[in-house]
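Reading through the structure tokens given below for one structure.
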């Protein structure tokens with residue numbers, strides 16, 4: 001049975017459907033040895049040979065769910081033109097290929113979920129589900145209360161008005177502030193751009209929570225498998241369970 005290529009990639013857990021479309025346009029997806037860039041392309045996953053970044057796509061019913069502490073200096077994408085280290089390089093003896101859910105940029109650290117469950121990836125990354133993501137952010141200077149309230153209520157960035165967020169000043173010392181920020185959307189480099197907007201650039205950014213999953217017990221580069229209870233709650237949050 002033929003399906004759209006981006007749907008097959010998303011179902012395999014490669015990334016969200018929108019991100020899979022970007023990967024197709026970027027020319028890193030091959031079907032039967034030929035680079036495909038057309039989004040309307042249909043494939044038969046049972047017959048066609050599909051590769052992403054020259055790695056074969058494998059559809060499996062063996063679902064894997066992991067939490068990783070992404071260190072700084074790693075990319076969370078499957079393809080990097082600059083040859084930088086990838087988070088999947090940190091994984092050892094994992095019984096199948098998994099893919100990052102969303103992104104943490106190269107200079108950011110913290111919690112990153114990985115799975116080969118395309119439905120869950122889609123649900124976690126789609127804005128309509130409003131799955132919360134919490135960050136600890138060290139910024140230059142100490143923002144005034146009015147600026148924190150501006151971040152919390154929404155601000156107009158170059159890609160539109162941000163949704164309301166939760167913003168709290170944790171502490172301030174040596175002319176720097178530590179903020180706790182919870183977002184319900186996932187724009188590219190959103191927190192860094194928000195902090196730049198109020199005149200307090202980010203010095204360090206760590207994601208500590210995604211939905212009900214936390215970074216507790218993990219050190220940079222370490223990972224663990226989600227428990228059944230964690231997965232069931234995560235599914236309820238995304239309306240899958």
Can you pull out the residues in the range 34-47 that are out of contact with any strand residue (DSSP E or B) (no Cβ under 9 Å at 6 or more places or on another chain) and either more than 26 Å from residue 65 (Cβ to Cβ) or not in a loop (DSSP other than H, G, I, E, B) (or both)? 34, 38, 47
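Under the condition of being assigned to a loop (DSSP other than H, G, I, E, B) and more than 13 Å from the chain's Cα centre (by Cα), which residue from the range 123-143 is surrounded by the most Cβ atoms within 10 Å (Cβ to Cβ)? Walk me through how you get there before you give the answer.
Here is the first cut: in the range 123-143, the ones assigned to a loop (DSSP other than H, G, I, E, B) are 126, 130-132, 142-143.
Checking the rest, the ones that are also more than 13 Å from the chain's Cα centre (by Cα) come to 130, 142-143.
Working: 130: 12, 142: 16, 143: 21.
Among those that are assigned to a loop (DSSP other than H, G, I, E, B) and more than 13 Å from the chain's Cα centre (by Cα), it is 143.
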Scan (1) within 20 Å of the chain's Cα centre (by Cα); (2) assigned to a strand (DSSP E or B) for the single condition residue 164 breaks and write down its number. (2)
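Just to be sure, is residue 31 farther than 21 Å from residue 85 by Cα, surrounded by 13 or more Cβ atoms within 10 Å (Cβ to Cβ), without any contact (Cβ under 8 Å) to a residue 60 or more places away in the chain and touching a strand residue (DSSP E or B) at 6+ places or on another chain (Cβ under 7 Å)?
So residue 31 fits the description; yes.
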Right, residue 216: within 19 Å of the chain's Cα centre (by Cα) and either in contact (Cβ under 8 Å) with a residue 60 or more places away in the chain or outside the structural domain of residue 69 (by TED's automatic domain parsing) (or both) or not? no
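Of the residues 165, 172, 229, which is farther than 17 Å from residue 101 by Cβ and assigned by TED's automatic domain parsing to the domain that holds residue 100?
Values: 165 fails: assigned by TED's automatic domain parsing to the domain that holds residue 100; 172 fails: assigned by TED's automatic domain parsing to the domain that holds residue 100.
Testing whether each residue is farther than 17 Å from residue 101 by Cβ and assigned by TED's automatic domain parsing to the domain that holds residue 100 leaves just 229.
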Out of 76, 108, 16, 53, which single residue is surrounded by 17 or more Cβ atoms within 10 Å (Cβ to Cβ), touching a residue at least 24 places away in the same chain (Cβ under 8 Å) and either farther than 23 Å from residue 216 by Cβ or in the same structural domain as residue 138 (by TED's automatic domain parsing) (or both)? 16
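Is it true that some residue in the range 180-187 is in contact with a helix residue (DSSP H, G or I) (Cβ under 7 Å, 6 or more places away or on another chain), in a loop (DSSP other than H, G, I, E, B), modelled with pLDDT under 95 and surrounded by fewer than 15 Cβ atoms within 10 Å (Cβ to Cβ)? Walk me through how you get there before you give the answer.
Start the filter on the range 180-187 by keeping residues that are in contact with a helix residue (DSSP H, G or I) (Cβ under 7 Å, 6 or more places away or on another chain), which leaves 181, 183, 185-186.
Then keep just the ones that are in a loop (DSSP other than H, G, I, E, B); that gives 185-186.
After this cut, where a residue has to be modelled with pLDDT under 95 as well, the list is 185-186.
Going one step further and asking which of them are surrounded by fewer than 15 Cβ atoms within 10 Å (Cβ to Cβ), we end up with 185.
Yes: the range 180-187 contains one or more residues that are in contact with a helix residue (DSSP H, G or I) (Cβ under 7 Å, 6 or more places away or on another chain), in a loop (DSSP other than H, G, I, E, B), modelled with pLDDT under 95 and surrounded by fewer than 15 Cβ atoms within 10 Å (Cβ to Cβ).
Picking from 113, 120, which residue would you name as being assigned by TED's automatic domain parsing to the domain that holds residue 84, assigned to a strand (DSSP E or B) and in contact with a helix residue (DSSP H, G or I) (Cβ under 9 Å, 6 or more places away or on another chain)? Before the answer, list the steps.
Working: 120 fails: assigned to a strand (DSSP E or B).
The unique qualifying residue is 113.
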Going through the range 56-73 one residue at a time, which ones are in a loop (DSSP other than H, G, I, E, B) and surrounded by 14 or more Cβ atoms within 10 Å (Cβ to Cβ)? 57, 63, 64, 71, 72
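The values are calculated or read from the model by the stated rules, or taken from the named source; none is laboratory data. Predicted, not measured: the structure shown is a model, and the values here were computed from it. Heads up, the Cβs are rebuilt from the backbone with ideal geometry, glycines too, and the neighbour counts pull from every protein chain shown.
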